[in-house]
Amino acid sequence: MKYKIIDFSKFSYIKIGPKIKVKIINEDNYDNEFLVGNATNTLISPNAKNIGILDERYDFIEYKNGILKIGGKTKNRKVYRFCRDNNFGGFEFLAHLPGTIGGSIKMNAGVKNEEISNNLLAVNQKEKKEFNFSYRSSNINEPVFEAKFEITRDYDKNLDIHLKNLRKNQPKLPSLGSVFKNPKEDYAGRIIEAVGMKEMVKGGIKVSEIHANFFVNIGNGSFEDMIYLINLAKKRVFEEFGIKLEEEIKIV
């Protein structure tokens with residue numbers, strides 16, 4: 001069995017987490033471990049256990065007859081560059097989405113109407129119709145070792161520029177991206193700001209002054225700091241608006 005030591009205070013995008021032994025996962029040894037991908041949207045607790053990361057063999061891109069086959073460990077930005085350089089459309093939105101294809105498929109990542117599931121054909125040899133996809137979620141409960149996508153149009157430079165402009169209002173400090181899913185017909189950032197939490201600081205974590213749905217690490221932020229602000233946001237928003245915020249990030 002292969003393992004590696006990962007220091008999540010350096011590996012995680014928000015720079016929070018313990019230094020722990022992580023199992024290297026393949027199709028033969030998976031045993032219900034929680035896969036972290038690049039830890040771009042996962043908050044790792046000090047007591048996290050049973051963590052896995054995909055083997056390097058799942059970092060690949062293959063193209064044949066209008067079909068892209070991509071390994072689950074392949075970084076989104078690598079896929080974006082490959083598609084742009086080969087004039088393949090449908091992946092423009094990946095330019096500013098950190099993380100891997102596997103994680104993006106499981107959470108149905110996207111920007112506005114552009115979602116990873118749009119051109120998806122299959123996951124792990126199973127047809128797309130065997131799974132359910134909705135806003136920033138899916139019912140996939142297994143590791144994504146590989147996926148197949150259909151190329152249906154050419155690369156769209158104007159769409160690429162438009163989607164990149166939409167991301168300009170996002171903070172540059174370490175974060176996990178959007179903490180909460182947008183409620184129906186509203187925006188999590190707007191209502192978190194409306195309950196007075198924009199720019200709030202707890203320890204080393206701050207509710208960003210740029211976008212209130214981003215909680216950023218301003219230095220030595222902790223798991224406990226993040227949980228405090230997450231719970232406070234949920235409490236205040238429910239009391240003020242009757243809305244139950246649902247996390248977009250994963251907490252392990």
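The values are calculated or read from the model by the stated rules, or taken from the named source; none is laboratory data. These numbers were taken from a predicted model, which means no experiment stands behind them. Cβ: placed from backbone, ideal geometry, glycine included. Neighbour counts: every protein chain shown.
What number of residues in the stretch 16-50 are of a type in the set (A, V, I, L, M, F, W, C), in contact with a Leu (Cβ under 8 Å, 6 or more places away or on another chain) and farther than 23 Å from TYR228 by Cβ? Lay out the reasoning, then the answer.
First pass over the stretch 16-50, keeping only residues of a type in the set (A, V, I, L, M, F, W, C): 16, 20, 22, 24-25, 34-36, 39, 43-44, 48.
Next, only the ones that are in contact with a Leu (Cβ under 8 Å, 6 or more places away or on another chain) stay: 16, 24-25, 35, 43.
Of the ones still in play, those that are also farther than 23 Å from TYR228 by Cβ are 24-25, 35.
Number of matching residues: 3.
Can you tell me which residue is nearest to LYS148 (Cα to Cα) among those in the stretch 59-76 that are among the basic types (Lys, Arg) and touching a residue at least 24 places away in the same chain (Cβ under 8 Å)? Before you say what the answer is, go through the steps one by one.
Going through the stretch 59-76, the residues among the basic types (Lys, Arg) turn out to be 64, 69, 73, 75.
Imposing the further condition that a residue be touching a residue at least 24 places away in the same chain (Cβ under 8 Å) reduces the set to 69, 73, 75.
Details: LYS69: 4, LYS73: 14, LYS75: 15 Å.
Checked the stretch 59-76; the qualifying residue nearest to LYS148 (Cα to Cα) is LYS69.
LYS75 - would you say it is surrounded by 14 or more Cβ atoms within 10 Å (Cβ to Cβ) and either of a type outside the set (Val, Ile, Thr) or in the same structural domain as LEU229 (by TED's automatic domain parsing) (or both)? Please lay out each step first, then the result.
Working: surrounded by 14 or more Cβ atoms within 10 Å (Cβ to Cβ): yes; either of a type outside the set (Val, Ile, Thr) or in the same structural domain as LEU229 (by TED's automatic domain parsing) (or both): yes.
Yes.
Going residue by residue through the stretch 158-172, is there one that turns out to be closer than 30 Å to GLU27 by Cβ and either assigned by TED's automatic domain parsing to the domain that holds GLY102 or β-branched (Val, Ile, Thr) (or both)? Working first, answer last.
So in the stretch 158-172, the residues closer than 30 Å to GLU27 by Cβ come out as none.
No, because not a single residue in the stretch 158-172 is closer than 30 Å to GLU27 by Cβ and either assigned by TED's automatic domain parsing to the domain that holds GLY102 or β-branched (Val, Ile, Thr) (or both).
Out of PHE215, PHE241, PHE180, PHE223, report the one residue that is modelled with pLDDT of 95 or more and surrounded by fewer than 18 Cβ atoms within 10 Å (Cβ to Cβ). If you could, list the steps in order and put the result at the bottom.
On the way: PHE215 fails: surrounded by fewer than 18 Cβ atoms within 10 Å (Cβ to Cβ); PHE180 fails: surrounded by fewer than 18 Cβ atoms within 10 Å (Cβ to Cβ); PHE223 fails: surrounded by fewer than 18 Cβ atoms within 10 Å (Cβ to Cβ).
After applying the criteria, what remains is PHE241.
Inspect all residues belonging to the stretch 213-220 and state whether any of them is under 19 Å from the mean Cα position of the chain (by Cα), over 22 Å from ASN108 (Cβ atoms), assigned to a loop (DSSP other than H, G, I, E, B) and not assigned by TED's automatic domain parsing to the domain that holds VAL123.
No; the residues of the stretch 213-220 include none that is under 19 Å from the mean Cα position of the chain (by Cα), over 22 Å from ASN108 (Cβ atoms), assigned to a loop (DSSP other than H, G, I, E, B) and not assigned by TED's automatic domain parsing to the domain that holds VAL123.
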